[in-house]
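First the structure, in the form of C-alpha cells, and then the observations on it.
Every number here is computed from the coordinates shown, using simple stated rules; none is lab data. What you see is a predicted model, and the numbers here were worked out from it, not measured in a lab. All Cβ positions, glycine included, derive from the backbone under ideal geometry; neighbour counts span all protein chains shown.
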Amino acid sequence: MPTPNTPPGMPIRFRGLTKTFGPVRAVDGVDLDVLPGRVTGLLGPNGSGKTTMLRMLLGLVRPDAGSAMIGDRPYVSIPRPGTVVGASLEASFHPGRKAVDHLLTLAPAIGASRARVDEVLGLVGLSDAAGRRVGGFSLGMRQRLGLAGTLLGDPGVLVLDEPANGLDPQGILWLRDLLRHLAREGRTVLVSSHILAEVQATVDDVAVLSRGSLVHASSLAEMVHLADSHVRVAGPDMEALARLVTERGWVLEDVAGGWVVRGAKAPEVGAAAFAAGLELHALESVGANLEETFLRIVSGEVPGSVRALEDGRDAAGAAA
Amino acid sequence: MRAALVSEFRKTVSTPLWWVLGLTAFGYMAMTAGLLGFATTMPVEQGGMEMTGGGVDVARSLYSLPVSLGYVFPLVTGALAVTTEFRHRTLTATLLAEPNRTTVIASKLVVQGGVGAFLGLCGVAGAMVAAAGALVIAGEPTMLGEPSVWGTAALAVVALALWGMVGVGFGALVPNQVASIVLILAFTQLIEPLLRIGLALLGDGFAQVGLYFPGAAAEALSGASLYSSIGAAELLPQWAGGVVMTAYALGFALLGRLLTFRRDVT
C-alpha cells in the first residue's frame, strides 16, 4: 500500500529515441512507456544500447532524435532532480572519499540532511562501513552505496543501471525485496540488466533491446507465454501417441531419455490422450526456459512483440 | 548555485589532498624562503645573491615567494578538481545532482579560488616565518613593520586564489588528468620561466609579450617578483596583473565549457 507521504511515481516516456556513435546506431527509434507502481526491466546483451538510453534519459548524452521524458519534462529541466529521480549509472566513486562523505557531496543538491544520509546508509546495510574510504569497497558494496545515493531524496522514480551486477545471491534477493517494495509504494522503478535471471524475480514488465532497437516489450507474464514450453510424456504405446500428436498438429520429439510434446500444454495433451483411450505413465509440463526465450528474442529467432506496457497494468499500477 | 558550492566544498575537504598540499606548501615555501633569506644577506662575492632595491623590496620578494615559486600548488589542485571527475568517472554523479554544466564549472571556480587562497595562506605563512627568521639571524631588518610588506603578502594570497581558478579553467579545457598535469608542469616550470628570461633578453618589444604570461601577471598583482628582483623583467601595473589572471581563469573555463563540457558523458 502506498504510504501517505510517498512521492508520486511518474511515467517515463521514450519517443523515437535515437543516438548514433560514429558508424554505430546505438539506440534506434525506441518508443517505450515505463509505468509507476511496477518494476520494469530494461534487458539486452552488452552493447545493445541500454546504458545509452538511460544516459539520454538523464541528460548526460544528447539524443540525435526523439525524446525521453520523466512525467512531462526532460530530466535537465526538473528543479532539484534528485528529489524526483534517483539515478545510479555506474558504481564509480572517488577512492579516497569515505562512503558517508560521498553521500554528503550529493546531499546539498537534494536538500537531504545528515540524518537522512545516515538513514539511507542503514537502509542499504552500509552503516558499519560509513567511515571507510570507498577505495577499499567490494563491487557489491559500491552498488549498495550507489543505491543509497539514489534513495537520498526519497524520489518517486528510480533509474538503476545494472544494479545487481556484483551483488552476491543474498544481495540480489535483498535488492529484489527493496525494489519490489519501492514499486508497491507507487514508485516507478526502471532497472537494466544483461542477465534476465538476475532480475527475473524482480520485474513486472520487460523491455528487450537488441542492437539498439526495442524488440520486445510486455509484462513478464506475457513473455513467459512466449517461452517455448513443452510436455514430457511416457506411455506403453508411444506409436499411437505419436499418431495422436501428429493428428492434433503438435510435435513429438525424442529427447535424451524420453519423449516431449511441443506446441501444447499438459492439460491438452492429457485430455487428448484420455479421449483417445491412450494410457499415459507420465505427463509433466516442463517449465519454460525464460532465459533461453530471452536470448532467442534478442537473436531474432523468436519474434518478440512490442506492445504498450499499459496492457499489463494491474491493480498495483492503478493504485499509483 | 548554493547547493553546488556546498557540494564542491565537501568534495574538496573530504579527500586528504587539501591539507597534504597545505602542509607541503608551507614546508616548501619555508625552506626556499629561508635559504633565499640567508642568500640575500650575503654579498655576491661571498656566494650570496644580494638583491637590488634595498630592504623593503627584498622583504616583499621573500614574503611573496609563493607567487613566484609556489603557485603550482593551487594550479594543480584547481585542475585536479575537474580532472578527477573524469578520471574516477564521478562526473556522471555530479551532473545527475546538478545537470547545469555551467553551474558545475562556476561552483568549482569559486571553491577552488578559496582553496587557492588557503594554499596561498599556507605558503605565505611558511615564507614569512622562515624568511623573517633568517633575516633576524643575519641581523637584518625584517621590515614586518612596513604596511606595504603586508599588502604584498595579502595580494600574494589573492594571486594564488586566482591561480586556483586558472587551474579549474585549464582542467575544464584539458580534462585528461595526466595530460593536464604534464602540460601544467611543463609550462610553469620550464616554458614560462625560459620564455620570460629569453624574451627579456631580446629587448623591449618582446619583453612586453612576457608581461602577459600568467606567472608574470600574478607577480604583477602581488607587486613583487623574484624575476624582477634579480633584474630579469619589469611587470604590469598591479590592477592589470589581476585583470590578466582573471581573464586566464575565465577564458579557460569558458573554452572548457564550450569545447569539453558540451560533450556527451558516456
* **Residues B:TRP18 and B:VAL56, FRET efficiency given R0 of 30 Å [Cβ-Cβ distance, rounded to 0.05]** => 0.35
* Structure fact -> Per residue of B:93-104, other chain Cβ atoms within 10 Å number on average 6
* Structure fact -> The relative contact order of chain B, taking Cα pairs under 8 Å that sit 6 or more residues apart, comes to a percentage of 26 percent
* Asked: Averaged over A:80-93, how many beta carbons belonging to a partner chain fall within 10 Å of each residue's beta carbon?
  -> 3
* Using the 2.2 N^0.38 Å rule of thumb for compact globular proteins, work out how chain B stacks up: its C-alpha Rg over that value, please. => 1.04
* Once the Cβ-Cβ distance between B:MET1 and A:ALA276 is put in as r, and R0 is 51 Å, what FRET efficiency do you end up with, to the nearest 0.05? -> 0.05
* Structure fact -> Charge tally for neighbours of A:ALA87 with beta carbon under 11 Å away, counting Lys, Arg as +1 and Asp, Glu as -1, is -1
* How far, in nm, would the chain grow between A:SER113 and A:ASP72 when pulled straight, counting 0.36 nm per residue and subtracting the alpha carbon separation? -> 11.9 nm
* Asked: Debye sum, Cα scatterers, the range A:99-185, no solvent: what log₁₀ I/I(0) at q = 0.19, 0.23, 0.24 1/Å?
  -> -0.85, -1.23, -1.32
* Largest-first principal axis extents of the Cα set of the range A:13-66 (Å) -> 37, 23, 18
* To do: Using label points projected 7 Å from each Cα along Cα→Cβ, tell me how many nm separate B:SER148 and A:HIS181, to one decimal.
  => 7.1 nm
* To the nearest 10 degrees, how steeply does helix A:169-184 sit against the main Cα axis of chain A, on a 0 to 90 scale? -> 80 degrees
* **Coarse-grained scattering of the protein assembly as shown at q = 0.05, 0.06, 0.12 Å⁻¹, given as base-10 log I(q)/I(0) from a Debye sum over alpha-carbon atoms** => -0.34, -0.46, -1.10
* Asked: Averaged over A:58-65, how many beta carbons belonging to a partner chain fall within 10 Å of each residue's beta carbon?
  -> 4
* Could you check the simple spin-label distance between A:SER285 and A:ARG262, using points 7 Å along Cα→Cβ, in nm with one decimal? => 2.0 nm
* Asked: Cα centroid distance between the range A:151-199 and the range B:137-210, in Å?
  -> 51 Å
* Asked: Any idea what the relative contact order of the range A:229-287 is, in percent, if you count C-alpha pairs under 8 Å spaced at least 6 apart?
  -> 54 percent
* How far apart, in nm, are two points set 7 Å out from the Cα along the Cα-to-Cβ line at B:LEU194 and at A:THR20? -> 4.6 nm
* Structure fact -> Under a Gaussian network model of chain A whose springs join Cα atoms within less than 10 Å, the largest fluctuation of A:PRO267, A:PRO169, A:PRO81 belongs to A:PRO267
* To do: Taking GluC sites (Glu not before Pro) as candidate sites, keep only those in a DSSP loop with at most 14 other Cβ atoms within 10 Å, then name the longest stretch of chain A containing none of them.
  => A:1-278
* Using 1/(1 + (r/R0)^6) with R0 = 25 angstrom and r between the beta carbons of A:SER138 and A:TRP174, what's the FRET efficiency to the nearest 0.05? -> 0.95
* Any chance you could list the semi-axes, whole Å, largest first, of the equivalent ellipsoid that the Cα gyration tensor gives for the range A:229-287, using √(5λ)? => 15, 12, 11
